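Structure, as structure tokens:
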Amino acid sequence: MNLDFTQIVPYIPFILEGIWVTLKFVSMSIIAGFILGILLALCKITKVPFLKRLADVYTSIFRGTPLILQLMIIYFAVPQLTGYDIPEFLTAVLAFGLNSAAYVSEIIRAGILAVDKGQTEAAEALGVPYKPMMLNIILPQAIKNILPALMNEFITLTKESAIVSTIGYLDLMRRAQIVGADIYRNFEPLLLAGFIYWVMVYVMTQIGKVVERKLRYSD
């Protein structure tokens, strides 16, 4: 086999730097997607028809179109309309955050609806306002039940983050491609990038298991 990993040794620090670059925008996207997802989920279960319809349309659009198309629209098409060039980092956070919110909203909505209705009825009987009831009673129980699904969404987001290389963002994948073009060997740097992605996903999976275990024992 024509393999020579010694050639990528000088480039390893450059590739490893991509871990931080990748995690930086992924973590921001997760936070943005989680917060927006909660708001969308609340809109979907509200009794206000306009908000419910708006949330449903949002989810339909972002779940029904490819993530890479959304990324391209924000990076290439929006500047055409606004005359403002959106930086790669902001583009990545917007595209992944908005896309993730659509999936997170459905996960959280299902979690909220799965909470025993008796919890809501008891809170209403005690005169607890809607906002405190949702924040302090319903949402904590819902998130505890849907944590595995949320972790799967965040893991998927981390893996799909590689597509930001298509807009020139210097993430882990893009750096591996640059090294491959520089040394005219693609297998070695791409294999190293794949291994790093696997490690990141493995660590996230273990963290999710620990959090899930602690929440389960806290009952």
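Read-outs: derived from the displayed coordinates by stated rules, not from any lab. Just so you know, these numbers come straight off a predicted model, no measurement behind them. Here the Cβ positions follow ideal geometry from the backbone for every residue, glycine too, while neighbour counts run over all protein chains shown.
Numbers below:
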item	result
In Hz, Karplus ³J(HN,Hα) per residue of segment 77-93 (6.51, -1.76, 1.60; θ = phi - 60°; x = Gly, Pro)	7, 4, x, 5, 8, 9, x, 10, 7, 7, x, 4, 4, 5, 4, 4, 5
Spherically averaged projected area in nm², based on the convex hull that wraps the Cα atoms of segment 10-217	14.1 nm²
Segment 56-90 versus segment 128-197: alpha-carbon centroid distance in Å	18 Å
³J(HN,Hα), Karplus 6.51/-1.76/1.60, whole Hz, each residue of segment 3-12, x for Gly, Pro	10, 8, 6, 5, 6, 8, 3, x, 9, 4
Reachable lysines from K24, criterion Cα separation under 28 angstrom, eight or more residues apart if same chain	K144, K159, K209, K214
Whole-Hz ³J(HN,Hα) from phi, Karplus 6.51 cos²θ - 1.76 cosθ + 1.60, for segment 116-128, glycine and proline x	3, 4, x, 5, 5, 5, 5, 5, 5, 5, 7, x, 6
Relative contact order for the chain, counting Cα pairs under 8 Å that sit 6 or more residues apart, in percent	28 percent
Cross-link partners of K47 among lysines (Cα-Cα below 20 Å; sequence separation of 8 or more within a chain)	K117, K131
GNM top mover of S29, S105, S165 - the chain, alpha-carbon springs below 10 Å	S165
Structure-based [θ]222 nm, the chain - -39500 (n - 2.57) summed over DSSP H runs of at least 4, per residue, nearest 500	-25000 deg cm²/dmol
Per DSSP, loop chymotrypsin sites (Phe, Trp or Tyr not before Pro) in segment 35-143 with at most 12 further Cβ within 10 Å	Y84
